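> Below you'll find the structure I mean.
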Amino acid sequence: MATAKRIAFYDERFRAARVAPGDIRTMADISHVPVLERHDLERLGIAGLRSPGSWGVRATSSGSLGKRVEFLWPLEQMRWLDAGEERARAWLGSELGTWRLEVRCRPVGMAQALGAALLNATAVHAPSIVDSGVAQRLLRELEHRRPSMIWGVSNALYVVAVALLDEGRTAPAGVCWSGGNLLLPHYRRAMEQAFQCPVYERYATMETGLVAHECPEGRSLHVPAEGILAEIVRADGSPAAPGEIGDVLVTCLRNHATPLIRYRVGDRAMAPDHNHCSCGRGLPVFGSVAGRTHDFLRTRSGELVGPREVVDVVLSVAESVVDMQVIQDAQGKLNVLVIQRDSAHTESDRERIAGFLDRLIQPPEQTRVERVAQIALTPGGKLRTIMSLADS
Ligand SMILES: [Zn+2]
């Protein structure tokens, strides 16, 4: 906060909120600090958020939810992030230098491919997986040598897993680390089967890097707290109660170039009902990621229904469905796109999905369910299971 006070934007906000760096003595005190919104970042840009005399690598967020935002990543932050990432992978049994396959949100150019190769990793841009040639090349590579870890965007890894399983094949890996998008139950099941290994969740954002990662022993998500402070809060910024779903706020403790303090990253998560993980490690426990803030369906009575809940029930009643997207328009109507395997039940499955969603959401008109060959991905290669334009 002392660094942030040298930036006019923060200085004014702290004054308006009557809070000074010396006032923050305990973790609970941070709830007095104003929340940084995404539109603040859009408006300020690097020029408005940069602390005097600082420098760093210019980074941008993906822009999948509107305007791109720019910020700096100083060397100190990158070192702490790299260390946190490596520790997380080591917990899962994948040591630095062993062969890893990475399916990334960010484009993989010559420089990124070379950087990955130097660490004995093969890096692929997630959207390229929809190209069956790329997917087949990956499958051949996976069958040729066993990676210590397969990690990356969950829906892209799922495509590879389904391609294997549909051919009755598997490609064993040491471990699978899923991130970039929610780890939905059908993604986890298919990856476990196809890669013959446990699958763990990774939660990161483009602006802050790794926020939390699943523990192999206790199965909690741990926050690499040396560099990140993560909160789950109500609309007024106060902490969510255990089991309550709130907004995720992240404070980057190692970015003195463009400080992000209580940044509302645009995700919702459920606050944990316990503060300690059974593994005994001291890193704080995060809770569970519920989804992007705009990726919830709104029922007629105003309740929010998240992607995990929708997918879990839809897939249990419609076996032919490989993947899906539910779009809710501004009036609350639902249009569902489904990728289906050929089966005798494709049509009846679509009817069952429509009936289920009509009962759950009670939209103003009957839900339409359409079979498609592909579902459009975000520029980072993510499949948004729910896209909602309904008032929130
Ligand atoms: Zn643990």
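Read-outs: derived from the displayed coordinates by stated rules, not from any lab. What you see is a predicted model, and the numbers here were worked out from it, not measured in a lab. Here the Cβ is made from the backbone with ideal geometry for all residues, glycine too, and neighbour counts use every protein chain on show.
> Whole-Hz ³J(HN,Hα) for each residue in the stretch 85-101, computed from phi via Karplus 6.51 cos²θ - 1.76 cosθ + 1.60 with θ = phi - 60°, x for glycine and proline: what do you get?
Per residue, the Karplus-derived 3J(HN,Hα) values read 4, 5, 4, 4, 5, 5, 4, 8, x, 9, 8, 4, x, 7, 5, 10, 9 Hz.
> Moving on to the next point. Output the peptides 204-214, 362-372 sorted from most to least packed, where packing is the average of other Cβ atoms within 10 Å over each peptide's residues.
204-214, 362-372
> List the trypsin sites (Lys or Arg not before Pro) within the stretch 1-61 that DSSP assigns to loop and that have no more than 15 neighbouring Cβ atoms inside 10 Å.
Those satisfying the criteria are ARG18, ARG25.
> Could you pull out every one of the aspartates and glutamates with an alpha carbon less than 12 Å from that of LYS67, ignoring same-chain neighbours closer than 8 positions?
Candidates past the 8-residue exclusion: ASP40, GLU42.
> Each residue of the stretch 138-143 in order: what ³J(HN,Hα) in whole Hz does its phi give by Karplus 6.51 cos²θ - 1.76 cosθ + 1.60, θ = phi - 60°, with x for Gly and Pro?
Values, residue by residue: 5, 4, 4, 5, 5, 6 Hz.
> From the Cα trace of the stretch 126-262, what convex hull volume per residue do you get, rounded to a whole Å³?
140 Å³
> Now a separate question. Beyond 23 Å, what share of the Cα-Cα pairs of the stretch 1-83 is found? Please give it as a whole percent.
The share of Cα pairs beyond 23 Å in the stretch 1-83 comes to 33 percent.
> Given a Förster distance of 45 angstrom, what is the FRET efficiency for ILE24 paired with SER128, based on the Cβ-Cβ distance and rounded to 0.05?
0.50
> Give me the Kirkwood hydrodynamic radius of the stretch 233-345, using the inverse of the mean 1/r over all pairs of distinct Cα atoms, in Å to one decimal.
16.9 Å
> Which three semi-axes in whole Å describe the equivalent ellipsoid of the stretch 297-388, each the square root of 5 times a Cα gyration tensor eigenvalue, listed largest first?
They are 20, 17, 11 Å, listed largest first.
> Relative contact order for the stretch 297-388: what is it in percent, counting Cα pairs under 8 Å that are at least 6 residues apart?
36 percent
> Give the span of the chain's Cα atoms along each principal axis, as three whole-Å numbers ordered largest to smallest.
67, 53, 40
> Would you please give the residues with an amide H less than 5 Å from that of GLU244, counting only those at least 5 places away or on a separate chain, with H modeled from the backbone geometry?
ALA271
> Also, I was wondering about something else. ³J(HN,Hα) across the stretch 217-226 via Karplus (A = 6.51, B = -1.76, C = 1.60, θ = phi - 60°), whole Hz, x for Gly/Pro?
8, x, 6, 7, 8, 9, 9, x, 6, 5
> Could you identify which residue out of GLN77, GLN325, GLN374 has the top mean-square fluctuation in a GNM of the chain using Cα springs shorter than 10 Å?
GLN374
> Can you list the chymotrypsin sites (Phe, Trp or Tyr not before Pro) in the stretch 7-89 that are in a DSSP coil and have 13 or fewer other beta carbons within 10 angstrom?
TRP55
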